[in-house]
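Written below as structure tokens is the structure these notes are about.
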Amino acid sequence: MIDAILAKSLHWGGERIRSIEGPQPNPRPTGSFPWDAQLRSRWPEISQEWFAFRSAGGKLPRIEQVLEESQGNIGTWEAGLLMSGGRPCTLLAEQFPVTTAALAAVPGIRSALWSVLDAGAEIPDHVGPNTGVLRYHLGIDCPEDAAIRIGATTTEYRDRETILLDDVVPHEAWNHGDRERVTLFCDMLRPLPRPWYALNAAAQRLLMLDRRYRMAPKRADAWHVALNPDFVAMN
């Protein structure tokens, strides 16, 4: 019942947002957002934390294990949840203090995770359900032949570079490279004029009632303990 009400609210809110915003480029330019430059400036420290975790044997669950539903990906897509509901929320986040601090300083951030697409993996053409957020990728370790197609535009993932997209536009992603593709993957509140920004922020808080998102931090913690017992023991 709650999920059905939330779905109807998202649909209604999406229609309103589209009418308010009008046509927008996709992917979107990031130059007008100071937080983008701030995150990119932290790339050396953020990537260092990632490589230290992976070099020490750190493992992540598959995204369907965190959300408890298939995302339609072909091949392995791993997800390391760092933030949910706008704040750091998991045991994994404790392994990345610099990264989570940098993320927490981003205005309007709702969620963040490590997104790891294995070599040869693909995410087929799809649309996201939530018009209230924009999706952002910061390239951490990106091989050649890893890219995302948004509408008719294909953009390659590159280290230190960012992609900001409207998730409700049809898009697909792939990694045809020779190693895993790693990005810092975030959802942030769509920039809207008043009072719509505040109304959208309230709607995003209500969305956390959806069991998929409400329970994701607990599931992520359980998988972190199962996959990384040595890290947990050290803490």
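Being of a type in the set (S, T, N, Q) and in a loop (DSSP other than H, G, I, E, B) is the filter; apply it to segment 28-49 and report the residue that is nearest to Thr155 (Cα to Cα).
Residue satisfying both the conditions and the ranking: Thr30.
Mind listing whichever residues of segment 15-54 are at pLDDT 90 or above and closer than 30 Å to Pro195 by Cβ?
Of everything in segment 15-54, those that are at pLDDT 90 or above and closer than 30 Å to Pro195 by Cβ turn out to be Asn26, Pro27, Arg28, Pro29, Thr30, Phe33, Pro34, Trp35, Asp36, Ala37, Gln38, Leu39.
Is there a residue in segment 211-225 that is surrounded by fewer than 17 Cβ atoms within 10 Å (Cβ to Cβ) and farther than 23 Å from Glu94 by Cα?
yes
So which of Asp230, Asp167, Asp187 ends up being on the phi < 0 side of the Ramachandran plot, among the charged types (D, E, K, R) and modelled with pLDDT of 95 or more?
Being on the phi < 0 side of the Ramachandran plot, among the charged types (D, E, K, R) and modelled with pLDDT of 95 or more holds for just one of Asp230, Asp167, Asp187, which is Asp187.
Give all pairs with beta carbons closer than 7 Å in which a residue from segment 158-182 that is free of Cβ contacts under 8 Å to residues at least 24 places away in the same chain meets a residue that is buried (at least 21 other Cβ atoms within 10 Å of the Cβ) and part of a loop (DSSP other than H, G, I, E, B); count only pairs at least 6 apart in sequence or on separate chains.
Arg158/Cys142
Would you call Asp145 of a type outside the set (A, V, I, L, M, F, W, C), on the phi > 0 side of the Ramachandran plot and touching a residue at least 12 places away in the same chain (Cβ under 8 Å)?
yes
Please go through segment 41-59 and give me each residue that is within 17 Å of the chain's Cα centre (by Cα) and closer than 20 Å to Arg110 by Cβ, ordered by number.
Ile46
Have a look at Val66, Val98 and point out the one that is closer than 21 Å to Ala216 by Cα, among the β-branched types (Val, Ile, Thr) and in contact with a helix residue (DSSP H, G or I) (Cβ under 6 Å, 6 or more places away or on another chain).
On inspection, the qualifying residue turns out to be Val66.
Determine whether Thr153 is crowded, with 20+ Cβ neighbours inside 10 Å, over 23 Å from Lys59 (Cβ atoms), β-branched (Val, Ile, Thr) and modelled with pLDDT of 95 or more.
no
Say whether the condition of being in contact with a strand residue (DSSP E or B) (Cβ under 9 Å, 6 or more places away or on another chain), closer than 13 Å to Arg28 by Cα, of a type outside the set (Val, Ile, Thr) and surrounded by fewer than 18 Cβ atoms within 10 Å (Cβ to Cβ) is met by at least one residue in segment 168-184.
No, every residue in segment 168-184 fails to be in contact with a strand residue (DSSP E or B) (Cβ under 9 Å, 6 or more places away or on another chain), closer than 13 Å to Arg28 by Cα, of a type outside the set (Val, Ile, Thr) and surrounded by fewer than 18 Cβ atoms within 10 Å (Cβ to Cβ).
For segment 57-74, name all the residues that are within 12 Å of Leu227 (Cα to Cα) and surrounded by fewer than 14 Cβ atoms within 10 Å (Cβ to Cβ).
Gly57 - this is the single residue of segment 57-74 that is within 12 Å of Leu227 (Cα to Cα) and surrounded by fewer than 14 Cβ atoms within 10 Å (Cβ to Cβ).
Tell me, which residue of segment 80-101 that is aliphatic (A, V, I, L, M) and surrounded by fewer than 22 Cβ atoms within 10 Å (Cβ to Cβ) is nearest to Met188 (Cα to Cα)?
Looking at residues that are aliphatic (A, V, I, L, M) and surrounded by fewer than 22 Cβ atoms within 10 Å (Cβ to Cβ), I get Ala101.
Could you give every pair whose Cβ atoms fall below 8 Å, whose first residue belongs to segment 32-56 and is surrounded by fewer than 15 Cβ atoms within 10 Å (Cβ to Cβ), and whose second residue is not in a helix (DSSP H, G or I), counting only separations of at least 6 or pairs across chains?
Gln38/Ala105; Gln38/Val106; Phe51/Asp141
The values are calculated or read from the model by the stated rules, or taken from the named source; none is laboratory data. Please read these numbers as outputs of a predicted model, since none were measured by experiment. In this analysis, Cβ positions are derived from the backbone assuming ideal geometry, glycine residues included, and neighbour counts consider all displayed protein chains.
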